[in-house]
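The next block holds one structure in the form of C-alpha cells; read it before the comments.
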C-alpha cells in the first residue's frame with residue numbers, strides 16, 4: 001500500500017513538472033514574439049555590431065511562429081562585411097536555437113494530439129526519418145520548418161538531436177545567403 005501511495009506521488013510530481021514545462025514553453029514563445037514586435041525596427045542596424053548581432057537576429061527571426069523577421073537581409077549584409085562562412089555558422093546556430101520555440105510548442109501540445117487518428121503514423125515516420133526531414137527543412141529555403149519543429153517536439157525527438165540537425169541544415173542555408181551577400185557587395 002505504501003508503494004502505491006509513493007508511486008502516485010511520483011506520478012503527480014511528473015505531471016506537475018510536465019505542466020510547468022508546457023506553460024514555460026508557451027510563455028517563452030509569447031515573450032519572444034512580443035520582443036520581436038517591440039524591437040523589430042532595430043533589425044536593419046544589427047549587421048554593424050558583428051557576429052553577436054548576426055546570432056541574435058537569426059535567433060529572434062526564427063523564434064517566432066507568427067511574425068517572420070527579415071533576418072535573411074541581415075545575414076546577407078553581414079556576409080558582405082564579415083567572413084561569410086563564419087556568418088553562416090553563427091547565423092545557423094542562432095536560427096537553430098530560435099527554432100526551439102516550435103519544438104517546445106509541439107512538446108507542450110503533445111497530450112492534445114496523442115489521441116488523434118494520424119498521430120501514430122506521424123510518430124512512426126518521424127522516428128524513422130525525422131532526422132533527415134529536420135536537416136533538409138533547415139537547409140532548403142521553405143516555410144515548413146516550423147511544422148517540422150512542431151512534429152519533432154510532439155514526437156519527442158531528443159532536443160540535442162533537433163538542435164544539431166537544425167544547426168547543420170540552417171548553417172548551409174545561411175552560408176549560401178552570406179556568400180551571395182559577399183558576392184553582390186564585391187561585384
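You can think of it this way: the chain between residue 128 and residue 147 has 5.1 nm of extra reach, that is 0.36 nm per residue less the Cα-Cα gap. Each peptide in 157-164, 74-81 was scored by the mean count of other Cβ atoms within 10 Å over its residues; highest first, the order is 74-81, 157-164.
Legend: calculated FRET efficiency, residue 140 to residue 183, from the Cβ-Cβ distance at R0 = 22 Å, rounded to 0.05, equals 0.65. A simple packing score, the average count of other Cβ atoms within 10 Å per residue, orders the peptides 84-95, 169-180, 131-142 as 84-95, 169-180, 131-142, with the highest score first. In this rough spin-label picture, where each label sits 7 Å from Cα along the Cβ direction, the residue 121-residue 8 distance is 4.0 nm. Label-to-label distance, residue 160 versus residue 85, with points set 7 angstrom from Cα along the beta-carbon direction: 2.7 nm.
Read-outs throughout are calculated quantities, based only on the coordinates presented, and are distinct from any laboratory measurement. The model shown is predicted, which means the values in this text are computed figures rather than measured ones. Virtual Cβ from ideal backbone geometry, glycine too; neighbours counted across all protein chains shown.
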